[in-house]
Amino acid sequence: MRRVLVIAYYWPPSGGSGVQRWVKFVKYLCAEGWEPVVWAPENADYPSIDHSFEKEIPPQVEVLRGPIWEPYAAYRKLTGAKSTEVTEISSGPKTFKQRLSLWIRANLFVPDPRIGWVRPSVKRLKAYLKEHPVDVMVTTGPPHSVHLIGEKLHKALGIPWIPDFRDPWSKMYYLKHLPMTGLSWERLRNMEQRVLDSCNTVLACTPLMQEDFQALTKTPVACITNGFDEEDFTGPVPPQDGHFNITHTGLFAADGNPLALWKVLGEMAAADPHFRAALCLRLAGKVDREILTAIKAAGLIDNVVSLGYCKHAEAVKEQRSASILLLPLRNDPQYRPILPGKLFEYLAARRPVLGIGQVDGAMARVLAATEAGCTIGWDDEEGLRTFLEAAWRTHCRGGIPATAGNIGPYSRRATAHALAELLERTCHLERTK
C-alpha cells in the first residue's frame with residue numbers, strides 16, 4: 001500500500017464541521033489502496049467535542065499526536081469570552097479588552113493562533129519520516145498555519161505535497177474584521193503565495209475556490225468537494241411528526257441571520273392560525289443570541305425548539321425528519337465560493353433545502369444541479385414567501401415528498417476515489433520531474 005501523511009488540526013475528539021472532511025477521506029482511502037498516517041494535536045482547544053467521530057477511523061490507521069500551545073485560554077481570561085468561535089471576531093461592538101486581543105491575534109499570530117504548532121510539528125515529523133517514509137503528504141486548513149508545516153517538510157525532505165483548502169486563505173471573509181497592519185497583511189499574503197507556488201498540487205473544496213486559487217499560481221489546482229457518507233443515512237427514515245418543521249443543524253451564526261425569512265414567517269403566522277400552530281423552527285446546534293432575538297421580534301419565539309449542540313448522528317436524524325432544511329450562508333460577498341459541509345448532508349437527507357445567499361454562488365449551483373432545493377437572495381421577501389407558501393400547501397395536502405436528484409458524485413466513497421487518483425497523479429508528477 002502507498003502511504004499518505006495527513007496533517008490536520010481538527011481531528012477527533014473535535015466536533016463540528018471542520019473535522020469531517022478528512023475523517024471521511026481517511027475512512028475510505030484504505031479501500032482505495034492508500035494507508036493514511038495522521039498527525040494531529042494532542043491537547044487542542046476545540047470549540048466542541050464529539051467522540052462519535054472516533055468510531056469512523058479504521059483501526060489500522062496510525063494517528064500521531066504532538067502538543068500544541070494556543071492563546072485561547074489567555075484570551076478568555078482577559079476578555080471574559082466563553083467562546084473562540086469566528087463569531088467572536090466578526091460580530092458587534094467590542095470592549096477595549098476585546099479590541100486589544102483582536103489586535104494581538106491579528107498581528108502577533110500570523111497567519112492564525114495555531115502558528116505555535118508549526119515548529120514542534122516539523123521537528124517531530126522530520127524524525128518520524130526518516131524512519132517511516134510516506135509517498136505523499138496532505139495538509140488541510142484552516143487553520144492555514146498547518147500548510148507551513150507542509151512547506152517546511154517538503155523543502156527539507158522532498159516529499160510530494162498537497163495543501164487542501166477547506167476555506168479560502170487571504171480572501172477569507174472574516175479577515176476584514178481583524179485590525180491587521182499593512183505589514184501583517186503582506187506577511188499573510190506572502191505565506192499564501194509561497195504555499196501555492198512551492199507545493200505539487202493545490203486542492204480546493206469548491207469550484208469557485210479552485211478558480212480563485214488558480215488565478216494566483218501556475219501550480220495545478222484540483223477540486224474535490226465535501227460530501228456525505230451513505231452509512232450515516234442508512235435505516236428507516238424517521239417519521240414526520242405532523243408539524244411544518246423548518247430545521248437548521250450546526251452553528252447558526254449572527255452574520256448568517258436571515259431577517260427576511262423571519263419577517264415572512266412572522267407575517268404568515270399572523271395571517272393563518274393553522275400555520276402558526278404547525279410551524280416549528282428546529283435549531284440543532286449552537287445558536288447566536290442575535291438569531292433568537294430576531295425570531296422573537298418576528299413573534300415566533302414560541303415556535304422555536306432549540307436543541308443545543310447535537311452529536312452527529314442526532315443531527316442526521318433531525319435532517320432526515322425535517323419538512324424543509326434551512327441553509328443561510330453568511331451575508332458576505334466573500335462567501336460566494338464557499339460550500340458549507342452541511343450542504344452535502346442536507347442532500348443525503350433528501351429533504352428540500354431552502355438556501356439563502358448569493359443566487360449565483362457555489363451553493364446555488366449545487367442545489368440546482370441536484371434538484372435538491374433552491375437558493376433565494378438575502379432580501380428577496382417575495383421569493384421567500386412564494387417558496388414557503390408552496391411548501392406549506394404541499395405539506396397540507398399530505399406531506400412534502402423526498403427529493404430525487406442525482407447526488408452520487410458527492411458521496412464520500414466517490415470523493416475518496418477522486419482523492420486517491422489525485423494522490424497518484426501527484427506522486428507521478430514528482431517522479432517525472
Check: Can you list the residues, at least 5 places off or on another chain, whose amide H is less than 5 Å from the amide H of residue 39, using H built in the peptide plane?
Finding: 6, 7, 8, 64
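Under 1.5 on a/c is rounded, so check that first for region 232-408, then, if it is not, pick prolate when a/b is larger than b/c and oblate when it is not; a ≥ b ≥ c are the square roots of the alpha carbon gyration tensor eigenvalues. Could the numbers behind the result be given before it?
Numbers: a/c = 1.25, a/b = 1.07, b/c = 1.16.
The shape class here is rounded.
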Note to self: Skipping prolines and chain starts, which residues have an amide H placed within reach, meaning under 5 Å, of the one on residue 373, given they are 5 or more residues away or on another chain?
What the structure shows: 353
Next item on the list: With everything on Cα atoms, drop me the angle between helix 182-198 and the longest principal axis of the chain, reported from 0 to 90° to the nearest 10.
Entry: 70
Next item on the list: Mind telling me which of 396, 30, 310 comes out most flexible in a GNM of the chain, alpha-carbon contacts under 10 Å?
Entry: 396
Notebook entry, point to check: What's the long-distance tail for the chain, i.e. % of Cα pairs beyond 39 Å?
Noted result: 21
Margin query: Within 9 Å, Cβ to Cβ, of residue 254, how many net charges do the neighbouring residues add up to if Lys/Arg are +1 and Asp/Glu are -1?
Written below: -2
Next item on the list: Only helical DSSP H runs with n ≥ 4 go in: add -39500 (n - 2.57) per run for the chain, normalise by residue count and round the 222 nm mean residue ellipticity to 500 deg cm²/dmol.
Entry: -12500 deg cm²/dmol
Notebook entry, point to check: Among rounded, prolate and oblate, which fits region 90-175 when a ≥ b ≥ c are the square roots of the eigenvalues of its C-alpha gyration tensor, a/c under 1.5 means rounded, and a/b larger than b/c means prolate?
Noted result: prolate
Notebook entry, point to check: If you find the alpha carbon centre of region 92-138 and of region 315-367, how far apart are they in angstrom?
Noted result: 30
Item checked: GNM flexibility winner over the chain from 273, 328, 113 (Cα, springs under 10 Å) -> 273
Check: So what are the ³J(HN,Hα) numbers for region 205-216, from phi and the Karplus equation (6.51, -1.76, 1.60; θ = phi - 60°), rounded to whole Hz, Gly and Pro as x?
Finding: 9, 9, x, 5, 5, 4, 4, 5, 5, 5, 5, 9
Note to self: How tilted is helix 118-131 with respect to the longest principal axis of the chain? Cα atoms for both, answer in degrees (0 to 90, nearest 10).
What the structure shows: 60
Check: Around residue 328, what is the net charge, scoring Lys/Arg as +1 and Asp/Glu as -1 over all other residues with Cβ under 13 Å from its Cβ?
Finding: -4
Next item on the list: Enter the angle in degrees (range 0 to 90, nearest 10) between the Cα long axis of helix 412-431 and the first principal axis of the Cα atoms of the chain, meaning the one along which they spread out most.
Entry: 20
Margin query: Take residue 424 and residue 61, extend 7 Å from each Cα along the Cα→Cβ direction, and tell me the distance between the two endpoints in nm.
Written below: 2.1
Margin query: Quick one: 3J(HN,Hα) in Hz for region 353-358, Karplus 6.51/-1.76/1.60 with θ = phi - 60°, rounded, Gly and Pro as x.
Written below: 9, 9, x, 10, x, 6
Check: Here are some pairs, 171/286; 27/286; 24/155; 176/263; 27/342; which of them have Cα atoms lying more than 23 Å apart in this structure?
Finding: 171/286; 27/286; 24/155; 176/263
Check: Based on the Cα atoms of region 86-239, what semi-axes does the equivalent ellipsoid have, where each is the square root of 5 times one gyration tensor eigenvalue, given in whole Å with the largest first?
Finding: 27, 25, 17
Notebook entry, point to check: In whole Å, how far is the Cα centre of region 147-180 from that of region 252-291?
Noted result: 37
Note to self: Whole-Hz ³J(HN,Hα) for each residue in region 225-239, computed from phi via Karplus 6.51 cos²θ - 1.76 cosθ + 1.60 with θ = phi - 60°, x for glycine and proline: what do you get?
What the structure shows: 6, 5, x, 10, 9, 4, 5, 7, 10, 8, x, x, 5, x, x
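Where a number appears in this text, it was derived from the coordinates with a stated rule and is not lab data. Quick caveat, the model's predicted, so the values are computed rather than measured. Virtual Cβ from ideal backbone geometry, glycine too; neighbours counted across all protein chains shown.
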